[in-house]
1. Say we look at the stretch 13-31 and pick out the residues that are among the aromatic types (Phe, Trp, Tyr) and modelled with pLDDT of 95 or more; which of these is surrounded by the fewest Cβ atoms within 10 Å (Cβ to Cβ)?
2. Within the stretch 1-27, can you find the residues that are polar (S, T, N, Q) and under 15 Å from Ile99 (Cβ atoms)?
3. I'd like to verify a number: residues in the stretch 81-138 that are touching a His at 6+ places or on another chain (Cβ under 7 Å), modelled with pLDDT of 95 or more and among the charged types (D, E, K, R), how many?
4. Can you name the residue in the stretch 32-60 that is in contact with a His (Cβ under 8 Å, 6 or more places away or on another chain) and under 10 Å from His9 (Cβ atoms) and, of all such residues, is modelled with the highest pLDDT?
Amino acid sequence: MYEIIQKGHSGLAYLALLALFIAVINAFLGMSSKRDFEPKDRSISLFGLIFSHIQLLFGFILYFVSPLGSASFGQMSNSALRLTSLEHPLINIIAIALITIGWSKHKKAATGTDKFKKIAIFYAIGLVLILSRIPWSLWFK
């Protein structure tokens, strides 16, 4: 079961990162061109939100069935174990919370530029945080 969830978490990461990257680029382009926030822009942002939440769900499940998860808390001096058991989950929870805040704030914004700005800022910060804590050595194993 662990192997299936781990492969799903790793595979879905590509889709989640791609969806977030496209949402951020779309938001910055929309903000800079001062165009209206259209239904396709909402869909692009929503896909980024959905994929990041599904990825978080897979991550939670993996954390509790993985030998690298909570069982390695006593070994914080090992940087690889600290990354997988503490830094990666914590920073990604914060990142997805920021993405969710950006989604919520964009709905309350009055103009298209403000909507794009909320998505651009919060999704970009979330994407950078996610990219900063990916365990690259395990991902490309």
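The values are calculated or read from the model by the stated rules, or taken from the named source; none is laboratory data. Fair warning: this is a prediction, and the values are worked out from it, not measured in the lab. Here the Cβ is made from the backbone with ideal geometry for all residues, glycine too, and neighbour counts use every protein chain on show.
1. So the first thing to find is which residues in the stretch 13-31 are among the aromatic types (Phe, Trp, Tyr), and the list is 14, 21, 28.
This time we only want the ones that are modelled with pLDDT of 95 or more, so: 21, 28.
Details: Phe21: 15, Phe28: 17.
Of everything passing the filter in the stretch 13-31, Phe21 is surrounded by the fewest Cβ atoms within 10 Å (Cβ to Cβ).
2. If we filter the stretch 1-27 for residues that are polar (S, T, N, Q), which is where we start, we get 6, 10, 26.
Result: Asn26, single match.
3. Quick first cut of the stretch 81-138, residues touching a His at 6+ places or on another chain (Cβ under 7 Å) only: 96, 115, 118-119, 133, 135.
Keeping just the survivors that are modelled with pLDDT of 95 or more gives 96, 115, 118-119.
The next check asks that each one be among the charged types (D, E, K, R); those that pass are 115, 118.
Residues meeting the conditions: 2.
4. Gln55
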